[in-house]
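The values are calculated or read from the model by the stated rules, or taken from the named source; none is laboratory data. Keep in mind it's a predicted model, so treat the numbers as computed, not measured. Cβ coordinates were reconstructed from backbone atoms using ideal geometry, including for glycine residues, and neighbour counts include every protein chain displayed.
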């Protein structure tokens, strides 16, 4: 019996285990990617997926507002008891929409201005680093006009 024989057998077994481990890791990775995909659950559990989608859709649809059209006597009674607040909201809605549009326009203008300032600063910084570089815009170029 050779004393190196158990060492070689152990080394062979370790190499075999490393190969198996690599294949096992690839299988685990492949199955984890498959389980992270929504299509996996749709294929495996189609009815449960349909039920969940229907439930989410039901929750997302807003409830229908109940419109009550009382008669004049009931309105007079509610006004007398101060249970009805009569106000016009059309003006407030229009003012809110104009205000939102103004804020959106102002936000866009600020973003565009900041982009322009950053672009100009970047151009100036690159020009300062390389003084021998050609001018970056036609305005900076010297005019070679012959008359």
(message) Just to be sure before I move on: is residue 68 at negative phi and modelled with pLDDT of 80 or more in the structure I sent?
(response) no
(request) Test residue 73 against the stated conditions and say whether it is modelled with pLDDT of 80 or more, surrounded by 10 or more Cβ atoms within 10 Å (Cβ to Cβ) and either touching a strand residue (DSSP E or B) at 6+ places or on another chain (Cβ under 9 Å) or part of a helix (DSSP H, G or I) (or both). (result) no
(message) Looking at region 44-62, can you tell me whether even one residue there is surrounded by 10 or more Cβ atoms within 10 Å (Cβ to Cβ), within 35 Å of the chain's Cα centre (by Cα), at pLDDT 85 or above and not in a helix (DSSP H, G or I)?
(response) yes
